[in-house]
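Colleague: The structure that follows is given in the form of structure tokens.
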Amino acid sequence: MNAPAPALILDAVSKEFAQRRSLFGRPAAPVRAVDTVSFVVNPGETLGLVGESGCGKSTLARMILRMTRPTTGHVLVEGKRVDALLPSEVLAYRRQIQMIFQDPYASLNPRIRAGDLIGEPMAIHGLARGAELETRVADLAAQVGLSAAMLGRYPHEFSGGQRQRIAIARALAVSPRIIVADEPVSALDVSVRAQVLNLMADLQTSRGLSYVFISHDIGTVAYLSHRVAVMYLGAIVEIGPARDVLRRPRHPYTRLLLEAVPVAHPRLRVRRREVLPGEVPNGVGLGAGCRFAPRCPMAQERCRVEAPTPRAIDGTRLVACHFAEDTPDLPKGLAA
Amino acid sequence: MADVESPMAGLLAVEDLTVAFGRGSSAAAALRDVSFALRRGETLALVGESGSGKSLTALSIMGLLPTEGQVSAGRVLLGGDDLLRKSRDDMIRTRGSRVSMVFQEPMTSLNPVLTIGRQLTEGLQFHRKVSRAAADARALDLLRLVGMTNPEARLKQYPHQLSGGMRQRVMIAMALACEPDLIIADEPTTALDVSIQAQIIDLLLDIKERLGTSILLITHDLGVVAEMADRIAVLYAGRVVEIADCLQLFDAPRHPYTEGLLAAVPRLDLLVADGADRIRLAELPGSVPSPGERLSGCPFAPRCSLAIERCSAEMPPMRTVAEGHTAACWVRAAA
Amino acid sequence: MSTPIPIVADTVDRGTGIASPRRQLLRRMLRSRSLVIGGSIVLFVVLVALLAPIIAPFDPDHIGTGRRLAVPGGKFLLGTDEFGRDILSRVIFGARYTLYIGLVAVGIGLVFGVAIGAAAAYAGGWFGGLLMRVMDLLYTFPDVLIALGLVAFLGPNLTNAMIAVGLSAIPYYARVTYAVVLSERQKPYVDAAQVVGASHIRVVVRHLMPNVLPPMIVVASLGFSAAVLSAAALSFLGLGAQPPMPEWGLMLSTGRNYITRAPWLVVGPGVAIFVTVMAFNLFGDGVRDLLDPRQRQRTL
């Protein structure tokens with residue numbers, strides 16, 4: 001690929017959290033919420049981040065947004081190390097990257113009018129003021145499908161879908177290159193989700209945005225993503241082109257996760273499918289071996305003693321599994 | 001007008017259920033003329049979005065409506081008895097023994113200060129008047145039935161010591177304790193991760209098969225419906241707009257809302273198919289109306305691309321469009 | 001007021017065809033009985049205080065307006081005190097001192113308390129922890145005890161009493177603010193403001209404060225009555241207002257000596273304190289009900 005320089009690079013990013021110790025207890029080993037995560041996001045591309053709760057996807061988002069700093073590793077945007085930005089440089093960084101939050105009911109300040117919410121980023125960054133600010137706010141609102149007449153209202157006067165449009169307009173106000181979207185549609189009604197997803201797709205095309213799209217819902221990830229990264233317990237276990245990963249997963253976790261996704265049509269029902277056993281452990285005291293080994297139906301002796309390093313499979317993707325080639329295909333019907 | 005199937009194998013029949021909030025001129029109907037029937041051993045899914053009235057329907061059946069709401073018309077027949085006419089004491093005896101409920105949020109629905117064993121045996125001792133020892137033995141059986149690992153130890157644990165999936169299993173065990181005819185499952189997997197959701201779906205399917213329990217499944221998630229339902233009733237803004245067998249509904253929906261809903265969900269199987277280059281999702285315009293908005297005609301008319309003049313003036317009745325398939329639409333289900 | 005308004009009509013949720021927020025607020029205010037009653041009495045007390053020179057029948061400080069210890073009735077509605085001063089006039093002028101004390105004391109408590117609590121909650125870490133532990137320590141002493149100590153140190157007069165009552169209430173306001181800010185700052189809109197580039201000051205002033213202050217209004221109106229009581233107690237003990245000020249607590253204190261012969265000396269100021277304190281409590285309760293999100297967002 002003779003692609004242009006990536007919009008976002010994560011280079012072996014890890015984040016550890018110190019565990020609170022009890023009054024007289026021994027200090028516990030820190031928890032690795034994110035463990036050596038590396039990927040790139042190209043301009044105009046969507047990287048989907050899939051994983052179950054506690055897999056570290058939200059911590060990852062916070063590190064990309066520089067709301068928290070990695071313990072080790074680097075986040076690079078436009079070749080600059082985000083984790084090493086001086087406080088004075090952070091403001092400028094906020095013009096390059098923005099975020100859309102999960103719950104539009106909680107992420108919009110209830111006491112600020114929609115128009116002011118959309119205009120605030122431009123005011124903070126000194127991009128516009130007075131009458132010009134107003135025109136630009138109305139212009140942005142129109143781009144996300146809100147009428148200028150609604151801008152005087154408070155967030156609670158809008159429906160969930162409209163609120164998420166306000167949040168999108170606010171994120172677009174500084175014309176960022178990258179948007180991190182953390183479960184942007186999961187709090188919305190099913191019939192409204194498509195509107196927001198289509199809007200995000202359109203904006204990507206018209207503005208050349210890069211998305212990091214975080215979701216537990218694999219269907220929405222599949223819709224918007226060009227590439228997909230699957231996370232388990234803080235690490236990426238498989239990353240590659242969306243279609244390849246979702247159609248022919250090579251990591252056993254990806255495969256079991258896809259098998260667990262409810263079918264889209266009753267005709268595709270498979271009784272007694274292979275269910276991912278057990279539940280995600282809490283990440284404390286990971287042993288030496290593969291983090292997925294305790295739940296993996298394919299696990300062998302080697303998996304328990306030696307952690308797999310990500311390696312290229314099929315030329316297009318990276319899989320962290322010793323036996324990726326042996327992972328069985330999805331049952332017919334589940335994925336096309 | 002209620003298009004209720006023959007009550008022969010019927011277990012539950014809800015007829016013209018109307019629930020209003022508030023009083024007098026400012027009363028707003030949250031449910032209007034909701035009718036459906038549930039056969040013995042069947043799983044019926046009530047599908048709807050926020051404000052559709054699906055949870056309210058469940059609460060009406062259980063006799064647990066909030067005080068501001070009242071049933072202003074209709075009947076809820078469980079094996080012939082009208083639950084709405086029952087006294088409070090009768091209803092307390094019915095809940096948990098003949099009908100029980102599984103809630104969405106297993107953490108808040110379990111009492112945090114009582115052990116799992118205590119919560120499981122409580123209903124048994126109340127409804128079945130069994131001895132403590134017998135109840136304990138039954139609790140153990142129930143935990144095995146719902147696939148809990150190490151059930152003896154679990155009995156002595158508290159809810160916060162269990163994971164989300166385990167808690168939902170306990171909820172299901174509690175619901176099964178008195179061998180009810182009907183379980184109402186209100187968004188039983190919504191709060192869970194995908195892999196745990198699959199486990200719970202399989203568990204519910206398994207229970208239905210082994211015990212023949214009927215399930216009224218309340219959900220907004222069409223995937224869960226596709227996995228579990230035998231029949232589906234689609235609710236929109238407090239009204240039933242379509243009822244059909246599961247396959248029939250997915251294959252040939254007749255109500256424009258059902259059609260729109262099915263088309264609006266990103267389908268993994270189609271998205272990753274060959275040659276598809278980011279298919280645009282079909283959009284339903286607008287948003288779900290709030291319960292306060294009163295509409296004279298079809299509540300879906302403002303969002304419907306097929307709407308004709310009559311739609312906004314008059315609510316279409318449920319009409320049979322095929323065997324076991326009814327829909328309320330002037331355009332798509334015309335006489 | 002008795003017409004039940006359905007919760008459904010309160011669903012401000014979907015953004016279409018709903019009464020303007022201002023009208024809704026007014027309607028909810030009128031529905032709250034404690035707010036209406038408490039608010040009216042508060043308003044009455046404020047008017048009495050403002051119009052004291054006009055409505056008071058006599059000069060409150062003039063000795064020998066009537067005969068000493070005259071029984072209530074006739075010319076002197078509430079009787080006269082041991083110097084022949086008209087008690088009604090003194091109670092009316094006393095309202096000025098009471099409101100003044102309340103405002104200053106609550107003002108001091110609120111300004112410092114909110115600043116300390118908000119700083120501790122927003123900064124967090126060891127700094128916030130230390131600040132709040134100090135507040136907790138001060139909180140373990142009864143307010144009046146701290147005020148007593150402060151007055152003993154500053155010298156007994158009304159100004160010092162007000163300052164003392166205000167300062168002694170700081171830990172209380174700080175703790176409440178701390179709790180409110182702590183819960184607000186965890187909400188995603190604060191993260192969202194930071195991502196957009198808002199500075200710490202902007203986050204606190206523009207985003208947090210509008211959400212923190214409304215609940216603080218409740219706390220302040222409840223604190224107002226506490227301050228009035230504390231100040232009256234100090235005056236009663238001779239550490240606040242000094243004679244001949246027509247301050248209610250002081251009037252109680254001097255009237256106490258004649259309680260068997262002339263009980264009306266304590267009835268006037270006593271009832272005035274009681275009614276004022278109750279009014280502010282009712283008012284505070286009413287405001288709290290109004291702002292309670294559970295009251296507001298009850299939907300289907």
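Colleague: Cut-off under 25 Å on the C-alpha distance; same-chain residues fewer than 8 positions from B:Lys208 excluded. Which lysines are left, in chain and number order?
Modeller: B:Lys54
Colleague: A further question follows. So which residue, out of C:Val45, C:Val114, C:Val271, gets the largest mean-square fluctuation from a GNM of chain C using Cα contacts under 10 Å as springs?
Modeller: C:Val271
Colleague: So what are the radius of gyration and Dmax for the Cα set of chain B, in Å?
Modeller: Every Cα atom of chain B included, Rg and Dmax give 20.8, 67 Å.
Colleague: Another question about this same structure. Output the 0 to 90 degree angle, nearest 10, between the alpha-carbon long axis of helix C:87-123 and the longest principal axis computed from the alpha carbons of chain C.
Modeller: Approximately 30 degrees, to the nearest 10.
Colleague: Using Cα positions and a limit of under 20 Å, work out the lysines in reach of A:Lys80, with same-chain residues fewer than 8 apart set aside.
Modeller: Result set, ordered by chain and number: A:Lys15.
Colleague: Cut-off is 10 Å between beta-carbons; in what order do A:Thr68, B:Thr43 appear when sorted fewest neighbours first?
Modeller: Numbers: A:Thr68 15, B:Thr43 23.
Fewest to most other Cβ atoms nearby, the residues stand as A:Thr68, B:Thr43.
Colleague: Let me ask something additional. From Cα pairs below 8 angstrom and at least 6 apart in sequence, can you work out the relative contact order of the stretch A:52-113, rounded to a whole percent? Kindly include the intermediate steps, with their values, before the conclusion.
Modeller: On the way: 23 pairs, mean separation 13.7, N = 62.
For the stretch A:52-113, the relative contact order is 22 percent.
Colleague: Can you give the convex hull volume per residue for the Cα atoms of the protein assembly as shown, as a whole number of Å³?
Modeller: Values: hull volume 218.9 nm³, N = 971.
Looking at the protein assembly as shown, the number lands at 225 Å³ per residue.
Colleague: Calculate, for A:Ala312 and C:Leu43, the FRET efficiency according to 1/(1 + (r/R0)^6) with r their C-beta to C-beta distance and R0 56 Å; round to the nearest 0.05.
Modeller: On the way: r = 77 Å, r/R0 = 1.38.
Given R0 = 56 Å and the Cβ-Cβ separation, E is 0.15.
Colleague: For chain C, what is the mean residue ellipticity at 222 nm derived from helices alone (per DSSP H run of n ≥ 4: -39500 (n - 2.57); sum divided by total residues; nearest 500 deg cm²/dmol)? Intermediate values should be presented prior to the final figure.
Modeller: Numbers: 12 runs with 202 residues, N = 300.
Calculated mean residue ellipticity at 222 nm is -22500 deg cm²/dmol.
Colleague: Now, a different point. Taking only the alpha carbons of the stretch C:97-292, what extent do you get along each of the three principal axes, in Å, biggest first?
Modeller: Computed over the stretch C:97-292, the largest-to-smallest principal extents equal 71, 37, 23 Å.
Colleague: Is the shape of the stretch C:152-265 rounded, prolate or oblate, going by the alpha carbon gyration tensor and its root eigenvalues a ≥ b ≥ c, with a/c under 1.5 for rounded and a/b larger than b/c for prolate? Could the numbers behind the result be given before it?
Modeller: Details: a/c = 4.75, a/b = 3.21, b/c = 1.48.
Here the stretch C:152-265 falls in the prolate category.
Colleague: To continue, here is another question. At most 16 other Cβ atoms within 10 Å plus a DSSP loop assignment makes a site exposed; report the longest stretch of chain C without any exposed trypsin sites (Lys or Arg not before Pro). Write down the numbers at each step before the final one.
Modeller: Details: sites that count: C:Arg67, C:Arg68, C:Lys75, C:Arg261, C:Arg298.
The longest uninterrupted stretch comes out as C:76-260.
Colleague: Related question: Set the Förster radius R0 to 45 Å, insert the Cβ-Cβ distance between B:Leu211 and A:Arg302 as r into 1/(1 + (r/R0)^6), and round the FRET efficiency to 0.05. Spell out each step's value before the answer.
Modeller: On the way: r = 43 Å, r/R0 = 0.96.
Rounded to the nearest 0.05, the efficiency is 0.55.
Colleague: Measure nothing fancy, just the Cα-based angle from helix B:164-176's long axis to the longest principal axis of chain B, in degrees from 0 to 90, nearest 10.
Modeller: The helix B:164-176 is inclined about 80 degrees to chain B.
Colleague: May I pose another question? Can you give the relative contact order of the stretch C:124-209 as a percent, counting alpha carbon pairs under 8 Å and 6+ residues apart? Spell out each step's value before the answer.
Modeller: Numbers: 41 pairs, mean separation 21.9, N = 86.
Worked out over the stretch C:124-209, it gives 25 percent.
Colleague: Per-residue ellipticity at 222 nm for chain B, helices alone: DSSP H runs ≥ 4 residues times -39500 (n - 2.57), over residue total, nearest 500 deg cm²/dmol? Kindly include the intermediate steps, with their values, before the conclusion.
Modeller: Details: 13 runs with 113 residues, N = 335.
About -9500 deg cm²/dmol.
Colleague: Please state the relative contact order of the stretch C:97-292 as a whole percent: Cα pairs under 8 Å, 6+ residues apart?
Modeller: Values: 250 pairs, mean separation 49.7, N = 196.
Reported relative contact order: 25 percent.
Colleague: If R0 is 30 Å, what FRET efficiency do you get for B:Asp16 and B:Ala282 from their C-beta distance, rounded to 0.05? All intermediate terms of the calculation are to be shown ahead of the outcome.
Modeller: Details: r = 33 Å, r/R0 = 1.09.
Between B:Asp16 and B:Ala282 the formula returns 0.35.
Colleague: Distance from a point 7 Å along Cα→Cβ of C:Arg33 to each backbone N in the stretch C:259-285: keep the residues under 17 Å and list them by number.
Modeller: Counting backbone N atoms under 17 Å from the label point, the list is C:279, C:281-285.
Colleague: Here's a follow-up. With chain B treated as a Gaussian network of Cα nodes joined by springs under 10 Å, which of B:Lys156, B:Lys208, B:Lys54 yields the largest mean-square fluctuation?
Modeller: Largest GNM mean-square fluctuation: B:Lys156.
Colleague: Compute the Cα gyration tensor for the stretch B:150-304, then decide on rounded, prolate or oblate, letting a ≥ b ≥ c be the square roots of its eigenvalues: rounded whenever a/c is under 1.5, prolate when a/b is larger than b/c in the other cases, and oblate in all that remain. Can you show the working numbers first?
Modeller: On the way: a/c = 2.10, a/b = 1.64, b/c = 1.28.
Cα axes put the stretch B:150-304 in the prolate bin.
Colleague: Then there's this: Hey, what number do you get for chain A at 222 nm if only DSSP H runs of n ≥ 4 count, each worth -39500 (n - 2.57), divided across all residues, to the nearest 500?
Modeller: On the way: 10 runs with 98 residues, N = 336.
That comes out to -8500 deg cm²/dmol.
Colleague: Under the 0.36 nm per residue contour assumption, what length would be gained going from the current alpha-carbon distance of B:Asn150 and B:Gln125 to full extension?
Modeller: Working: separation 25, 0.36 × 25 = 9.00 nm, distance 2.34 nm.
Additional length available on full extension: 6.7 nm.
Colleague: Across the Cα atoms of the stretch B:133-228, what radius of gyration and what greatest pairwise Cα-Cα distance (Dmax) are found, in Å?
Modeller: Cα only, the stretch B:133-228: 13.3, 43 Å (Rg, Dmax).
Colleague: Then there is this: Give me the one-decimal nm value for the distance between modelled label points at C:Ala115 and A:Lys80, 7 Å along each residue's Cα-to-Cβ direction.
Modeller: Here the answer is 3.6 nm between the modelled labels.
Colleague: Then there is this: For the stretch A:167-233 and the stretch B:219-263, what is the separation of their C-alpha centers, rounded to whole Å?
Modeller: The stretch A:167-233 and the stretch B:219-263 have Cα centres separated by 26 Å.
No lab work stands behind these numbers, since they all come straight from the coordinates. Note that the coordinates shown come from a computational prediction; the quantities given were computed from them, not determined experimentally. Quick reminder, even Gly has a Cβ in these numbers, built from the backbone with ideal geometry, and neighbours come from all protein chains shown.
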